[in-house]
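Trainee: Okay, here's the structure, questions in a sec.
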């Protein structure tokens with residue numbers, strides 16, 4: 001008798017709200033209206049203060065029936081600001097069982113410490129709602145020291161190079177008196193028009209790619225007092241009116257390209273001796 005009444009109530013409820021009773025629902029007499037929300041940030045590791053990062057909210061219908069007019073939202077917590085023109089909220093007209101939808105937005109924080117992003121989803125009728133948060137650690141700017149010199153291909157100090165000659169810029173990047181591992185870093189080189197990139201290499205597995213008058217290292221991290229070494233091989237194409245050129249190296253945060261340290265090296269060029 002009890003089971004008959006339960007199924008009857010379920011049937012009347014389903015008819016009243018326009019639902020179809022899903023297969024297997026008579027097993028326990030319940031129709032589940034439910035969802036879950038997951039929040040993630042990228043990059044997932046520590047970043048520097050002022051660097052932008054992305055947060056993604058994903059909602060999934062974990063119930064038996066389709067959900068209607070679901071609002072999926074992202075909100076920055078204390079000390080976090082939304083940047084860009086992307087929306088912080090979207091409307092999902094229909095979310096079928098097992099279906100997922102995502103929302104992505106970019107944020108930035110000018111405060112040091114752990115920061116949170118809140119993700120939430122709610123069905124218009126209030127029959128299902130979920131929320132969570134994701135966090136990211138914001139660090140202050142590290143003390144980076146950089147030194148760059150030019151040497152010939154025999155690794156001797158020279159300072160004057162001829163048209164057609166190749167030579168090397170050596171670069172050392174030091175985490176000077178730091179207290180912790182740095183976030184991901186990289187180096188950007190800018191060459192004058194009289195020089196061109198040939199090749200590059202770094203120690204501890206770092207690489208260099210480039211073409212023409214620019215080059216970039218792969219990302220790397222530095223422990224306190226640790227040094228990262230690079231060698232950039234270039235070729236002399238021409239001589240400027242005053243014979244002197246400058247090459248620039250900038251250590252930047254890999255996440256937001258924020259400049260942390262720069263170094264320039266002056267080199268004298270001359271015509272080839274015939």
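Bear in mind that the values in this text are calculations on the coordinates, not laboratory data. Source: prediction; values computed, not measured. Reconstructed Cβ throughout: ideal geometry from the backbone, glycine too, with neighbour counts over all protein chains shown.
Trainee: Restricting things to alpha carbons, tell me how big the chain is in terms of Rg and Dmax, in Å.
Mentor: 29.3, 110
Trainee: Regarding the stretch 119-178, what whole-number volume in Å³ per residue does the convex hull of its Cα atoms give?
Mentor: That works out to 201 Å³ per residue.
Trainee: Say R0 is 22 Å: what FRET efficiency, to the nearest 0.05, do residue 273 and residue 149 get from their beta-carbon distance?
Mentor: Numbers: r = 24 Å, r/R0 = 1.08.
E between residue 273 and residue 149, to the nearest 0.05, is 0.40.
Trainee: Over the chain, what is the relative contact order in whole percent, taking alpha-carbon pairs under 8 Å and six or more residues apart?
Mentor: Taking the mean separation of contacting Cα pairs over the length of the chain, I get 16 percent.
Trainee: For residue 141 and residue 162 in the same chain, what is the full-extension length gain: residue separation times 0.36 nm, less their Cα-Cα distance, in nm?
Mentor: Details: separation 21, 0.36 × 21 = 7.56 nm, distance 3.99 nm.
That works out to 3.6 nm of additional length.
Trainee: Please work out the FRET efficiency for the pair residue 203 and residue 237, using the Cβ-Cβ distance as r and a Förster radius of 25 Å; give the result to the nearest 0.05. Kindly include the intermediate steps, with their values, before the conclusion.
Mentor: Details: r = 28 Å, r/R0 = 1.13.
Rounded to the nearest 0.05, the efficiency is 0.35.
Trainee: Taking a label point 7 Å from the Cα of residue 112 along the Cα→Cβ vector, which residues of the stretch 30-58 have an amide N closer than 13 Å to it?
Mentor: 48-50
Trainee: Further question on the same structure: With the Cα gyration tensor of the stretch 33-139 in hand, convert its eigenvalues to equivalent ellipsoid semi-axes via √(5λ) and list them largest first in whole Å.
Mentor: 28, 12, 10
Trainee: Looking at the stretch 144-270 only, what percent of DSSP beta bridges run antiparallel? Nearest 5 please.
Mentor: Taking every DSSP beta bridge within the stretch 144-270, about 95 percent pair in antiparallel fashion.
Trainee: Could you state the angle between the C-alpha long axis of helix 2-16 and the longest principal axis of the C-alpha atoms of the chain, as a value from 0 to 90 degrees rounded to the nearest 10?
Mentor: Long axis of 2-16 versus the principal axis of the chain: about 60 degrees.
Trainee: Please compute the contact order of the stretch 144-270 in relative form: average sequence separation of alpha-carbon pairs under 8 Å and at least six residues apart, divided by the residue count, as a percent.
Mentor: In percent, rounded to a whole number, it is 33.
Trainee: Any chance you could get the radius of gyration and Dmax over the Cα atoms of the stretch 144-270, in Å?
Mentor: Just the Cα atoms of the stretch 144-270 yield Rg and Dmax of 14.6, 46 Å.
Trainee: While we're looking at this one, here's another question. To the nearest 0.05, how large is the calculated FRET efficiency for residue 214 and residue 180 if R₀ is 25 Å and r is the Cβ-Cβ distance?
Mentor: FRET efficiency, residue 214 to residue 180: 0.20.
Trainee: Moving to a separate point now. Calculate for the chain the 222 nm mean residue ellipticity that helices alone would give, adding -39,500 (n - 2.57) per DSSP H run of length 4 or more and normalising by residue count, nearest 500 deg cm²/dmol.
Mentor: Values: 1 runs with 15 residues, N = 274.
Taken over the chain, the calculation gives -2000 deg cm²/dmol.
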